[in-house]
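Some notes on the structure that comes next.
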Amino acid sequence: MSNASVRPLTGVRVLDLTQAYSGPFCTMHLADQGAEVIKIEVPGVGDQSRGWEPMEGEASGYFSYINRNKYGLTLNLKTERGKELFRELVKTADVLCENFRVGTMERLGLGYESLREINPRLIYASISGYGLEGPMSQLPCYDVVAQALGGMISMTGPLGGEMVKVGPAIADNYSGTYLSLGVVMALYQRERTGEGRRLDVSMVDTVFSILETGVMQYTIKGIVSKPEGNSDPVIAPFDSFKARDGQFVLACGTNKFWAALCRAMGKPELIEDPRFINNSKRVENYIPTLKGIIEDWSMQHSVDELEELISGAGVPFGRIQNIKQACECDVIRRRNMLWDVYDPAFGREIEMPGTPIKMHGCADRADKAAPGLGEDTERLLCGILGLGHDEVEKLREEGVV
């Protein structure tokens, strides 16, 4: 292979103790970019997401998506022999990822301070609900809780209506993505220092960090953000609008875009209108004045016509597509954002979201399906630790693997 075709994390070994969504989403990123991710699960039990919909028989599409490109090993860390084997694996690893409740790894004798003694180069990466310290640190957390405490739900929903969570589990996937970024940063620093790192990502911190202008509106102006539907609180027009046969979105983040929209609407006089002369004035006079002017015009046209008029004027425009339409959308297909993966658990090829990180020169595909529970246990223990077949069979009989 040429250098360009080698995925950037090839040669990096990751011990993956994570389950559910946030942690596996992190290690999925690492695996997609070439890391050898060894997913370690409890024998006979496995990751809780193995039972999450959409299910087909015993196969979970949820699990298959976020655990592709990984290798499966079962190991009972509550047994002394399981801990011994895990410590031996740690000696060979570059990264350890976990998202247990805070304190679990320490109670097992497998906390960072313990493991760094046997591998000073280890990058020990953790996701938790509330961080590794403090009075809330040991409480359980899921995405909806993090969205609530972090402030996201208070800003989300229809104008003047009920507050709602963001649909996808953004506290999980953003936390996982942040942690994968932290891992890569720590690997880069280790190249220069030779030392590992402790990484700590909190789901509540994550949600708070992506509130965009919500926090700054409060700290600078004392404004407490509320649900505003699809409009942006600090840019206008930046919203969804009604057409004759549906809805669409447009976004005017600059005076140039605003002027182009005015011309597309056949209302060039609005460009210099004192109510809309700059972004601050447009925000001030958005509801109901400016939105009403735009919708009086847009409702006279179909979405197809509006796309031609607005996109043709160079103004950002988008159709509001459902999941079926998004999956069949030309840009999604052309960007290879749906991967075909043969998954033995389903007994057929299934489609799943690809990676948005397009590393030019590298293959843009999944190399293997998500592992069956412990499917690589013998190969990994024999290949990495030098155990024999009979030893692995004995470990199975004892409930260690």
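The values are calculated or read from the model by the stated rules, or taken from the named source; none is laboratory data. It should be emphasised that the depicted structure is a prediction, and the values quoted were computed from it without experimental measurement. Ideal geometry is used to build each Cβ from the backbone, glycine not excepted, and the neighbour counts take in all protein chains shown.
Mind counting the residues in segment 191-214 that are under 22 Å from L179 (Cβ atoms), assigned to a helix (DSSP H, G or I) and β-branched (V, I, T)?
Total satisfying the criteria: 4.
With the requirement that a residue be crowded, with 18+ Cβ neighbours inside 10 Å and among the aromatic types (F, W, Y), what does segment 158-204 give you?
Within segment 158-204, Y174, Y178 meet the criteria.
Take the residues in segment 18-33 that are out of contact with any helix residue (DSSP H, G or I) (no Cβ under 8 Å at 6 or more places or on another chain) and touching a residue at least 60 places away in the same chain (Cβ under 8 Å), then tell me which one is surrounded by the most Cβ atoms within 10 Å (Cβ to Cβ).
D32
Would you confirm whether any residue within segment 37-59 is under 26 Å from R7 (Cβ atoms), out of contact with any strand residue (DSSP E or B) (no Cβ under 6 Å at 6 or more places or on another chain) and modelled with pLDDT of 95 or more?
yes
Of these, R121, R81, R101, which one is in a helix (DSSP H, G or I), touching a residue at least 24 places away in the same chain (Cβ under 8 Å) and either among the hydrophobic types (A, V, I, L, M, F, W, C) or surrounded by fewer than 21 Cβ atoms within 10 Å (Cβ to Cβ) (or both)?
Only one candidate qualifies: R81.
Restricting attention to segment 307-330, which residues are in a helix (DSSP H, G or I), surrounded by 14 or more Cβ atoms within 10 Å (Cβ to Cβ) and in contact with a Lys or Arg (Cβ under 9 Å, 6 or more places away or on another chain)?
Answer for segment 307-330, where residues must be in a helix (DSSP H, G or I), surrounded by 14 or more Cβ atoms within 10 Å (Cβ to Cβ) and in contact with a Lys or Arg (Cβ under 9 Å, 6 or more places away or on another chain): E307, C327.
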